[in-house]
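Undergrad: Quick one: the structure is below, questions incoming.
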Amino acid sequence: MTATPPRLMIIGATWEQVPLIRAAKDAGCFVLATDPGDAAEGLAIADETAKLDPRDLGRALDIAREFRPDGITADECDYSHYAAVFLSSQLGLPNDGLPAAQNTSNKLWMRQRCRDSHVLQPRFFPCRTVEEALDAVEIIDWPVIVKPVDNRGAFGVNIARNGDDLNAAFLDALMNAHSREVIVEAYVEGTHITVDGCVDQTGAHHNLAIASKKVTAGDKPIIVEVTYPAEIGDAQRAHVLETNQQVIRALGITGGLTHSEYIVDDRGRCFLVETANRGGGVLTSARIVPAVSGVDLSRLLIANALGQPYEGRPKPYDG
């Protein structure tokens, strides 16, 4: 008698999610892939497809109940990861945990949790109006970073150096904030660092890769180069990795992948920018981190979603 293949729902099917969909198919899964658009590359690989904005949790739940998955997963996107955790929680399926999804999908909640755990980060203020943003600048001083509380990547994130900048930056952040709330925080100059990791199936978090970035100057910096391992000293590297473990604990991350961003200033201090309970985008978790660490993160995500053991034990990054 032929075994029934596990049914896996994957939220997101753009080119970034293609490796995850392919890995699921290679693992013998029957895959439902969802995406807001009709032309996403991964839709052609899946067994079934559905049109879905991952922020529409009601429709997502209807689709999941109709498909009856054995597991739900996503990668490289905050909205998709949140939806996967929410749906899995609703359906009683294995997942990374809703508390961590809450803490990592809202930058204000993230900053507050990390502040309570004494993690070094830029001074910040939540602001609902330009007037509140100006009050924040009176305390922080110019320049400041203005960003939406809840969006992915650099959408709505700007540097403001004067009042005119602040007004434009606030409106841009507000336009990109689903909660209509904005954070104004101190601008920290230094080396941009990313740390990628995962939680193994014993619950232990492992730092897998650390990189430094070169970014363009200007009020909307663009990443132009990423180097592994990070081009910083051994002592600084150890400090960043230790800080990352502190952040993971503070945010209550107990499963899945992690992608954290930091800035190391000229005094060697490590400031948290943000942490996500998902893999890094632009194929970072699908291709780059596996090549650096030897850990197949797509296979790990699939195993976690299906409640299956992952073959292999991640080793902590040793530089």
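The values are calculated or read from the model by the stated rules, or taken from the named source; none is laboratory data. Note that the structure is predicted; figures quoted are calculated from it, not measured. Cβ coordinates were reconstructed from backbone atoms using ideal geometry, including for glycine residues, and neighbour counts include every protein chain displayed. Just the protein is used for accessible areas: all its heavy atoms, side chains included, with ligands, DNA and RNA removed. Shrake-Rupley method; radii C 1.70, N 1.55, O 1.52, S 1.80 Å.
Undergrad: Test Ile193 against the stated conditions and say whether it is at pLDDT 95 or above, under 30 Å from Glu138 (Cα atoms), among the β-branched types (Val, Ile, Thr) and in a strand (DSSP E or B).
TA: yes
Undergrad: Here is a follow-up. Going through the stretch 185-243 one residue at a time, which ones are of a type in the set (S, T, N, Q), over 12 Å from Cys270 (Cα atoms), open to solvent by less than 70 Å² (accessible area, probe 1.4 Å) and touching a residue at least 24 places away in the same chain (Cβ under 8 Å)?
TA: Asn207
Undergrad: Yes or no: the stretch 150-163 includes at least one residue that is touching a strand residue (DSSP E or B) at 6+ places or on another chain (Cβ under 6 Å) and closer than 21 Å to Pro54 by Cβ.
TA: Yes, because at least one residue in the stretch 150-163 is touching a strand residue (DSSP E or B) at 6+ places or on another chain (Cβ under 6 Å) and closer than 21 Å to Pro54 by Cβ.
Undergrad: Please go through the stretch 110-126 and pick out each residue that is surrounded by 14 or more Cβ atoms within 10 Å (Cβ to Cβ) and touching a Leu at 6+ places or on another chain (Cβ under 9 Å).
TA: Of everything in the stretch 110-126, those that are surrounded by 14 or more Cβ atoms within 10 Å (Cβ to Cβ) and touching a Leu at 6+ places or on another chain (Cβ under 9 Å) turn out to be Met110, Arg111, Arg113, Cys114, Val119, Leu120, Gln121, Pro122, Phe124, Pro126.
Undergrad: Is there any pair linking a residue in the stretch 25-37 that is under 20 Å from Asp56 (Cα atoms) and open to solvent by less than 40 Å² (accessible area, probe 1.4 Å) to one that is part of a strand (DSSP E or B) and of a type in the set (Asp, Glu), with Cβ under 6 Å and at least six apart or on different chains, and which?
TA: Between residues of the stretch 25-37 that are under 20 Å from Asp56 (Cα atoms) and open to solvent by less than 40 Å² (accessible area, probe 1.4 Å) and residues that are part of a strand (DSSP E or B) and of a type in the set (Asp, Glu), the close pairs are Leu32/Glu48.
Undergrad: Among the residues of the stretch 127-146, count how many are open to solvent by less than 40 Å² (accessible area, probe 1.4 Å) and without any contact (Cβ under 8 Å) to a residue 40 or more places away in the chain. Spell out how you get there, then give the answer.
TA: Step one: of the stretch 127-146, the residues open to solvent by less than 40 Å² (accessible area, probe 1.4 Å) are 127, 130, 133, 136-137, 140, 143-146.
Right, trim to without any contact (Cβ under 8 Å) to a residue 40 or more places away in the chain and you get 146.
Final tally of qualifying residues: 1.
Undergrad: Given Val273, Val292, Val240, which one is among the β-branched types (Val, Ile, Thr), touching a Phe, Trp or Tyr at 6+ places or on another chain (Cβ under 8 Å) and at pLDDT below 95?
TA: When all the criteria are applied, what remains is Val292.
Undergrad: Every residue in the stretch 196-226 that is hydroxyl-bearing (Ser, Thr, Tyr) and more than 19 Å from the chain's Cα centre (by Cα), please.
TA: Correct list: Thr202, Thr216.
Undergrad: For Leu98, state whether it is closer than 30 Å to Leu306 by Cα and not acidic (Asp, Glu). Can you show your working first?
TA: Numbers: closer than 30 Å to Leu306 by Cα: yes; not acidic (Asp, Glu): yes.
So Leu98 fits the description; yes.
Undergrad: Which of the residues spanning the stretch 260-275 are surrounded by fewer than 23 Cβ atoms within 10 Å (Cβ to Cβ) and within 24 Å of Thr73 (Cβ to Cβ)?
TA: Once the filter is applied, which keeps residues that are surrounded by fewer than 23 Cβ atoms within 10 Å (Cβ to Cβ) and within 24 Å of Thr73 (Cβ to Cβ), the stretch 260-275 yields Glu261, Glu274.
Undergrad: Need the failing condition index for Ala169 against (1) in contact (Cβ under 8 Å) with a residue 40 or more places away in the chain; (2) open to solvent by 10 Å² or more (accessible area, probe 1.4 Å); (3) part of a helix (DSSP H, G or I); (4) among the small types (Gly, Ala, Ser), just the number.
TA: Answer for Ala169: the failing condition is (2).
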